[in-house]
Every structure is written in structure tokens, then in C-alpha cells.
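Before any comments, here is the structure.
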Amino acid sequence: MADPQGFMKYSRSDAPKRPKPERLQDWNEVYLHEEPAERNKAVRTQATRCMDCGIPFCHSGTAGCPLGNLIPEWNDLVRRGDWELASDRLHATNNFPEFTGRLCPAPCEAACVLSISHDAGGAVAIKRVEETIADMSWENGYVQPAQATVSSGKRVAVVGSGPAGLAAAQQLTRAGHEVVVYERDDRLGGLLRYGIPEFKMEKKVLDRRLSQLRREGTKFVTGCEVGVDITVEQLRAEFDAVVLAVGALRGRDDKTTPGRELKGVHLAMDHLVPANRAVEGDGPSAISAEGKHVIVIGGGDTGADCYGTATRQGALSVTQLDQYPMPPSVRDDDRSPWPVWPHILRTYPAHEEAGERRFTVAVRRFVGDDDGHVRFIELQQVRVEKDSSGRRSVVPLSDEVEMLPADMVLLAIGFEGVQHMRLLDDLGISLSQRGTISCGSDWQTSAPGVFVCGDAHRGASLVVWAIAEGRSVANAVDSFLTGSSNLPSPVIPN
Ligand code: SF4
């Protein structure tokens, strides 16, 4: 039984961060590695703020956790200090809580009833509780390989080793199928490896989970592009089912702003991938912000990752631009009593460290030097308007322009869907208008026996949705192979 008045006794407190000057000297996670006893005491207090609502919005529904995380249950277990059972209940719905605890923008916190009123002191710090349970689970050996007790004799190929592919692979391996994960990169993890900077999640967190999957029996093949290094015919001959978890990494480009072709104007991932490779020890990044005036266009997660990366690379200045206004605080928004975060712009730790954010602005022109390298941007004040059909347009507020120095421009304006790959052509799968792979209610694509999950199906989305879709596709594949399944299926295809 939770403490119904805990939120009145204790105020919300987020995980403490390392001092800014210290964290800018390295690539490690920004959060302080607290002494476990001190950390656990603080987190138990935070868990005590959960009053275990009768119908908790945090844990399900359209606004809450897509995984159906049993949030009030493990909050209460943490409050009582039963970390082992809390770990058990957390892992019952989430294969990788250490990923979501670090990377998810926490729709559960936006949905928490305590976020409705300032007087309640803000949402329960669910992310902090989740991450601490996950880390405690590893520290105390609660996480062990879960070996399958039966073998189905069926073989499944998973294409892609991001969070959706890994979740599907772990569920299917544990259900007794022989699972091989194919990754075209040289290391496993997909976006978790080369898209997410180390300061958000250290790669040792990923590696220890991969080690668990290996010990459970999942097999991995790296440096293998399915459709090229292994043909679709071989895939069909060797496997009973295929799961496509290939992501949606086609970056949206700015094809209309004059000067886009100048040297120094890059898509965000062209900056992040080599930077993350450099941290892995692959040598200096080919695209570095060191000694440069950097402009990041786009106010989302990827933009914040570029921002923090450029700062650590030694940029002279970093400025992030957004066409939208600085978001009103949830409490200032009197159009609705419900919290709108995380669907509005957020502040990330990277923004506290250095640099500047500019709102209601757009680039009118990239200006280059005689060598064809970008040196300035022309900036205009704008507002974003929507017409009656919902189409958005960016309208300049005047002809006035401002010149900002810019030696490097990073376009972090979203993703347009799945990258072109021969595999899809050979399977006869065409992309939807959104650039994603469509499927039926059983997650099966237009190619029989071929399933899809994660960003490849949903479009670029949250890590928690990738894991939820990975778990759900595992249920569908298990049913396809054996006629029924006891695996959970937290979400349905959109
Ligand atoms: Fe606890 Fe908030 Fe969930 Fe209610 S909505 S059960 S207070 S975390």
C-alpha cells in the first residue's frame, strides 16, 4: 500500500548531475555516479511520492507508458526497499529498463496525475526510479540470462540490432526459437551505438545487455548487410521467419534554402555517427566542431545530441535554432489542464552546459566564402502558421535579416523514413507514403513470413516504442511459428 500523502511530504528531485566544467572534459554520462546507499535512499524518497492512483495514467493508455510498465507497483516496492522484487516487476514488461531510464523522454511522467498541479510538486520522478532499479539489478546480480526451457526447432532472422530488434530477439530466444541478429555495421546496437552520444548513455550499458542476450543463446552477425552479403533466397532457405528492425534513418534534408550545397552544411547523423565512432576508439571524427562556430537547426532530441557533441568537441560557439516559440511552461498553458510535455520542446542537460537557443527564427540563406565553405547564415524572425487543412508554413515577420557566423551547420530537422536497401526490393516490399514499412494487424508485411517493428514501421520514435513494438512482434512471430503464443504484446500496429 503506497503512502497517499508522500507527495505532500517530499518534493520532486531529479538525479544530480556532475558539475558542468567537469562533464565537458569527457564523454561520460552527465549524471553523478552516486554512492549506492546515498542514491538508494534518495530514490526511495522519490518513489514514496507515488500515491498509487486507482487508475494510473502513467502506466498505460494513450498518454502513458506503451510498455505498460507496472509503475505504481515498483514505486511501492522501492519505497519499501524491496529492490529485487522491484527489478522482477520492472523486467516483467521491459527488456531494457536501463535504456529507457536514460533515453526515454518519459511519457509516463507527463501522464502522472501529480504533474497536473504545481501544488502537487510535479510528477513522480519515474525515470529516476526506473534507472536506479535497473542499475541496482546489475550491481546486485538480479539480471541473469533467462534460458529457454524448450526448443521449437524454428529459426528466426532479425535484421537490425537497435532496441526494437534486440527486444524481439530476446523475446523469441527465450520462447525457444533459434534467433540470429544481422547488423550491417561493425558493432551492435544500431542507433543506441552510433546515434546516441556517450554522455547520454555509456556504451558499457549496452554491452552488458548484449552479453546477457548472447548467454541466453541469441546469435549475432555484424558487418553483414542482408540482401547483399546474404541474399533473400538464402534467408528464405535458412529461416522460418524474418523480422525487419532496420530503423528509419533517412535524414530529412533542407533542399530549398540557398547555399545548402556549401561545404560545412551536414545532416545531423553525418556529425553524430563519426563522433560516436571516435569515442569508441575508431580515430578522430572526420566532421568535428573543434574551433568552429556551429549552428544546429532543429529543436528535438537529435539537435540536442549534436549540441552536446559539438560543445565537447571544442566548438567556438553553438547556437540551436527553432522555428517555434519557446514553449510556455505547462502551467502557463491555460488551454488545457493536462500536461503537454514531452510533446513540446524540452531542455536537455546539453543546453545547460554552453551555447544558446534561438526561437521563432529560420535560416533564409547559407552564405559561403570563395572556397565554397559556409561562413555565415542569414537569419529571419518567423512564425509558423497552419492552414485549415493543417498544412504548416513558415512566414517571415519582416525583411530584416541577422547575420550569424557559421563554419558548420547541422540539419537536425527529423527523419523521412527507411533508407533505401536492396533487401526491401528483393523482398518485394515498397515503402508507404511516410517512408515506412506497412504491416497487417499481425505485424506481417506484404512479404509472407516477414514481419516489421520499431522505427521502420512507426517512423522515428521513442526508444520505449521501439521496445514495445519489438516485444509485440515477437508475440506475432511466435504465434506464426507455433500456432499460439504466451509472449506479451503491449501494442498493436498503427
Ligand atoms: Fe504514481 Fe503518478 Fe502513476 Fe499515480 S500517475 S500511480 S502518482 S506515478
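The values are calculated or read from the model by the stated rules, or taken from the named source; none is laboratory data. Nothing here was measured: the structure is a model prediction, and the numbers come from that model. Every residue, glycine among them, receives a Cβ derived from its backbone with ideal geometry; neighbour counts consider all protein chains shown. When the accessible area is computed, the model is the full protein with side chains, heavy atoms only, and any ligands, DNA or RNA have been set aside. Shrake-Rupley method; radii C 1.70, N 1.55, O 1.52, S 1.80 Å.
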Show the residues, 5+ positions off or on another chain, whose built amide H is closer than 5 Å to the amide H of R383. V395, L397
Using a 1.4 angstrom probe on the protein heavy atoms only, could you order R102, R80 from most to least accessible area? R80, R102
For the stretch 265-411, size of Cβ-based charge dipole, Lys and Arg +1, Asp and Glu -1, in debye: 440
Using the Karplus equation 6.51 cos²θ - 1.76 cosθ + 1.60 (θ = phi - 60°), what ³J(HN,Hα) coupling, rounded to whole Hz, does each residue of the stretch 440-455 give in order, writing x for Gly and Pro? x, 5, 9, 6, 8, 7, 5, 8, x, x, 10, 10, 9, 7, x, 4
In the chain the accessible area split gives carbon plus sulfur, as whole percent at 1.4 Å, a share of 50
With a ≥ b ≥ c the root eigenvalues of the C-alpha gyration tensor of the stretch 54-131, is it rounded (a/c under 1.5), prolate (a/b larger than b/c) or oblate? prolate
Rg from C-alpha atoms of the stretch 6-139, normalised by the globular rule of thumb 2.2 N^0.38 Å, equals 1.02
List every residue whose amide H lies under 5 Å from the amide H of Q320, counting only residues 5 or more places away in sequence or on a different chain, with H placed 1.01 Å from N in the peptide plane. V296, E356, R357, R358
Contact order normalised by length for the stretch 228-317, with contacts defined as Cα pairs under 8 Å and 6 or more residues apart; what percent is it? 22
Looking only at lysines whose Cα falls under 19 Å of K41's and that sit 8 or more positions away or on another chain, we get K9, K17, K127
Report, by chain and number, residues whose modeled amide H sits under 5 Å from the one on V158, excluding near sequence neighbours (fewer than 5 apart, same chain). V180, V181, Y182, V243
With the dipole of the chain defined by +1 on each Lys or Arg Cβ and -1 on each Asp or Glu Cβ, the option from G259, L481, A289 whose Cα lies farthest towards the positive pole is L481
Ordered by residue, what ³J(HN,Hα) values in Hz, to whole numbers, does the stretch 362-368 give under the Karplus form 6.51 cos²θ - 1.76 cosθ + 1.60, where θ = phi - 60° and Gly and Pro are x? 8, 7, 8, 7, 8, 10, x
About its Cα centre, what dipole magnitude does the stretch 1-122 give when the only charges are +1 on Lys and Arg Cβ and -1 on Asp and Glu Cβ, stated in debye to the nearest 20? 280
Per DSSP H run of at least 4 residues, take -39500 (n - 2.57); add these up for the chain, divide by its residues and hand me the 222 nm value, nearest 500 deg cm²/dmol. -9500 deg cm²/dmol
Derived scalar couplings ³J(HN,Hα) [the stretch 72-81; Karplus, 6.51 cos²θ - 1.76 cosθ + 1.60; whole Hz; x for Gly, Pro]: x, 5, 6, 4, 5, 5, 5, 3, 8, x
What accessible area, in Å² to the nearest ten, does a 1.4 Å probe give for C65? 10
Shape verdict for the stretch 344-480, please, from the Cα gyration tensor: rounded (a/c under 1.5), prolate (a/b greater than b/c) or oblate. prolate
Can you work out D for the chain in µm² s⁻¹ from Stokes-Einstein, where Rh is the Kirkwood radius over C-alpha pairs, the temperature is 20 °C and the viscosity is 1.002 mPa s? 90
For the chain, accessible area per residue (1.4 Å probe, heavy atoms of protein chains only), Å²: 44
Considering only protein heavy atoms, what is the solvent-accessible area of F376 at a probe of 1.4 Å, reported in Å² to the nearest 10? 90
